[in-house]
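As structure tokens, the structure follows; a few thoughts come after it.
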2 protein chains.
Amino acid sequence: MRAGNLRGMSEGAEQSPVRARGRRAARTSGDDREQAILATAERLLDEKSLGAISVDDLARGAGISRPTFYFYFPSKDAVLLTLLDRVVAEADEAMRTVFEAPAAGPREGWQRALAAYHDTFRSHRALTVAWAEARSTSAAVRSLWAEVFERWVQRCAAAIEAERARGAAPAGVPARNLAVALTSMNERVIYASLSGDGPALAESDVVPVLLQVWLTAVYGRAPE
Amino acid sequence: MRAGNLRGMSEGAEQSPVRARGRRAARTSGDDREQAILATAERLLDEKSLGAISVDDLARGAGISRPTFYFYFPSKDAVLLTLLDRVVAEADEAMRTVFEAPAAGPREGWQRALAAYHDTFRSHRALTVAWAEARSTSAAVRSLWAEVFERWVQRCAAAIEAERARGAAPAGVPARNLAVALTSMNERVIYASLSGDGPALAESDVVPVLLQVWLTAVYGRAPE
DNA sequence: GAACGAGTCAACGCCGTGTCGAGAAACGGA
DNA sequence: TCCGTTTCTCGACACGGCGTTGACTCGTTC
């Protein structure tokens, strides 16, 4: 009895589901179904919100019955989590790239980081919106988000501290607090521009505006 | 047949539910029930999330049966919306007060505005968290939020423009875009600190950090 | 060809929502 | 005082989503 990949219970590593133990992964029709479910989920998310998608929709879309769905995934959230793992990997990779590449100057560097953040989520609009939606209902989704957020905050806080250390940025509130506030801004502004609900910035305005706020917050000074 | 107050359908004004048409509001046991429902909702929200509260919980808490609940409110969301109307009124009042009172200086003024924003939502923690949660499931809730957000943005954008006009703040990205980004930051940072999920600022750090970002973003300059 | 595991699904139980229609309770007039 | 109207109440229902159970098929392996 395949337990599905266990997203949804116990957080943690759990990279690839140990799959293909047998020499040649004999008869993998099961994997096809699993992929079909994931593909269906991604397709349906382009059309409707996560809440409007039922397990039955996913099963039908993958050409199986509802109980069979549960053979592959323990819940709808687990499907989302599996999909999100890809996005998270991509986001982490983008972050690594950006923070390790040498920048021509501060403006260049922060600009690139913000653009990377924006691009990553913009290129997975539907998933990003579903992610935010599921945060209120699933602790696992919430904590996956918290991990990603935390990694960005740490990178940014470290970068701010480095700028302060070399005398390029003035001291002020703790670097970590600054990073938390600014990263929160990124998150909310980008989400609003992707989901299109309420007053939001046009996509082309997002990075310039965020950049201005980041630069002044990190390097600028208040009046008096 | 009382239609309940019609929160949940057709947005709009709809201040007080036209109640008490009869000379003396003869026999208002109905109002008592309605208040009981609202009070129950507020009490339960302190204990559990909106999603974990069923219509049955609200009905039982108010001492009535589930069908009777529907005599007073068309849905659970409508109860929340009614509760939120109070918070919105309070937030608008706080905003009006803050923006109309003369400030000793820029720092004073913005500090007061941020504190007002923070205080308003902090004093209704449970409702604020429920509000955010319901935004993903109810269009009415979403649009109520958008209205409040928009009013703050307009006030702040106007204030920024005034500062620019009198030469105190440099030109840069459009004032409205700046206001949208900064207000988004407020929203997200305050929500995170109230809901306590994921990495968040301590409540006492919220206003100082936000203030630093606002001041530098409005008045400061980027390097080069 | 028996035993096994992977895969499949009809049928079930549970819980939440919202509605319908039959009443009880209070009032306002004739 | 009775009678109609309005207000209010709820038992019973229909529906839909979730997750589980138990039996059944079908290849593979020994």
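The values are calculated or read from the model by the stated rules, or taken from the named source; none is laboratory data. Computed from a predicted structure; not experimentally measured. Ideal geometry is used to build each Cβ from the backbone, glycine not excepted, and the neighbour counts take in all protein chains shown.
Per-residue answers, yes or no, for (1) within 14 Å of DNA strand C (Cβ to nearest atom); (2) in a helix (DSSP H, G or I); (3) more than 14 Å from chain A (Cβ to nearest Cβ):
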residue: B:Asp57; (1), (2), (3): yes, yes, yes
residue: B:Arg60; (1), (2), (3): yes, yes, yes
residue: B:Gly63; (1), (2), (3): no, no, yes
residue: B:Phe69; (1), (2), (3): yes, yes, yes
residue: B:Ala78; (1), (2), (3): yes, yes, yes
residue: B:Leu83; (1), (2), (3): no, yes, yes
residue: B:Arg86; (1), (2), (3): no, yes, yes
residue: B:Asp92; (1), (2), (3): no, yes, yes
residue: B:Arg96; (1), (2), (3): no, yes, yes
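Only a single criterion out of (1) modelled with pLDDT of 95 or more; (2) within 10 Å of chain A (Cβ to nearest Cβ) is not satisfied by B:Phe121, namely (2).
Right, A:Arg107: buried (at least 20 other Cβ atoms within 10 Å of the Cβ) and basic (Lys, Arg) or not? No, not satisfied.
Would it be correct to say that B:Glu42 is loosely packed, with under 14 Cβ neighbours inside 10 Å and either within 12 Å of DNA strand D (Cβ to nearest atom) or over 20 Å from B:Ala139 (Cβ atoms) (or both)? No; evaluated as a whole, the condition is false for this residue.
Take the residues in segment B:45-78 that are of a type in the set (Gly, Ala, Ser) and in contact with a Gly (Cβ under 6 Å, 6 or more places away or on another chain); name whichever of them is farthest from DNA strand D (Cβ to nearest atom). Steps first, please.
Applying the first criterion (of a type in the set (Gly, Ala, Ser)) to segment B:45-78 yields B:49, B:51-52, B:54, B:59, B:61-63, B:65, B:75, B:78.
Then drop every residue that is not in contact with a Gly (Cβ under 6 Å, 6 or more places away or on another chain), which leaves B:75, B:78.
Working: B:Ser75: 14, B:Ala78: 16 Å.
Among those residues, the one meeting the criterion is B:Ala78.
Yes or no: A:Ala140 without any contact (Cβ under 8 Å) to a residue 60 or more places away in the chain and more than 9 Å from chain B (Cβ to nearest Cβ)? First the steps, then the outcome.
On the way: without any contact (Cβ under 8 Å) to a residue 60 or more places away in the chain: no; more than 9 Å from chain B (Cβ to nearest Cβ): yes.
So A:Ala140 fails the test.
Within segment A:161-181, is there a residue that is polar (S, T, N, Q) and out of contact with any Asp or Glu (no Cβ under 7 Å at 6 or more places or on another chain)? No, segment A:161-181 contains no residue that is polar (S, T, N, Q) and out of contact with any Asp or Glu (no Cβ under 7 Å at 6 or more places or on another chain).
This table checks each residue for (1) of a type in the set (A, V, I, L, M); (2) farther than 16 Å from A:Leu38 by Cα; (3) touching a helix residue (DSSP H, G or I) at 6+ places or on another chain (Cβ under 6 Å); (4) modelled with pLDDT under 95.
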| site | (1), (2), (3), (4) |
| --- | --- |
| A:Leu58 | yes, no, yes, no |
| A:Phe69 | no, no, yes, no |
| A:Tyr72 | no, no, yes, no |
| A:Ser75 | no, no, no, no |
| A:Ala78 | yes, no, no, no |
| A:Asp85 | no, no, no, no |
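Set side by side, the residues B:Arg142, B:Arg112, B:Arg107 differ, and just one is within 30 Å of B:Ala36 (Cβ to Cβ), of a type outside the set (A, V, I, L, M, F, W, C) and out of contact with any Cys (no Cβ under 9 Å at 6 or more places or on another chain), which is B:Arg142.
Among the candidates A:Pro170, A:Pro102, the residue that is within 14 Å of another protein chain (Cβ to nearest Cβ), more than 27 Å from B:Gly196 (Cα to Cα), out of contact with any Phe, Trp or Tyr (no Cβ under 7 Å at 6 or more places or on another chain) and away from DNA strand D (no atom under 16 Å from the Cβ) is uniquely A:Pro170. Just so you know, in segment B:132-180 the residues that are farther than 22 Å from B:Met95 by Cα and among the polar types (S, T, N, Q) include one that is surrounded by the fewest Cβ atoms within 10 Å (Cβ to Cβ), and it is B:Thr137.
When each of A:Ser143, A:Ser136 is tested for being under 20 Å from A:Ala192 (Cα atoms) and of a type in the set (Ser, Thr, Tyr), the lone residue that passes is A:Ser136. In the set (1) closer than 29 Å to B:Ala168 by Cα; (2) touching a helix residue (DSSP H, G or I) at 6+ places or on another chain (Cβ under 6 Å); (3) crowded, with 21+ Cβ neighbours inside 10 Å; (4) within 11 Å of another protein chain (Cβ to nearest Cβ), the condition left unmet by A:Pro199 is number (3).
Could you list, in sequence order, the residues of segment B:204-224 that are more than 7 Å from every other protein chain (Cβ to nearest Cβ) and touching a residue at least 12 places away in the same chain (Cβ under 8 Å)? Lay out the reasoning, then the answer.
First, pick out the residues of segment B:204-224 that are more than 7 Å from every other protein chain (Cβ to nearest Cβ): B:204, B:206-207, B:211, B:214, B:218.
Of everything in segment B:204-224, those that are more than 7 Å from every other protein chain (Cβ to nearest Cβ) and touching a residue at least 12 places away in the same chain (Cβ under 8 Å) turn out to be B:Val206, B:Val207, B:Leu211, B:Trp214, B:Val218.
Could you run through segment B:45-55 and say how many residues are outside any helix (DSSP H, G or I), surrounded by 13 or more Cβ atoms within 10 Å (Cβ to Cβ) and within 9 Å of DNA strand C (Cβ to nearest atom)?
Quick first cut of segment B:45-55, residues outside any helix (DSSP H, G or I) only: B:48-49, B:53-54.
Those still in the list that are surrounded by 13 or more Cβ atoms within 10 Å (Cβ to Cβ) too: B:49, B:53.
Add one more test, that the residue is within 9 Å of DNA strand C (Cβ to nearest atom), and what stays is B:53.
Going through segment B:45-55 one residue at a time, the tally reaches 1.
Among residues of segment A:192-203 that are within 11 Å of B:Trp145 (Cβ to Cβ), those with a beta-carbon under 7 Å from a residue that is among the β-branched types (Val, Ile, Thr) at least six positions away or on a different chain give the pairs A:Pro199/B:Val153; A:Pro199/B:Val180.
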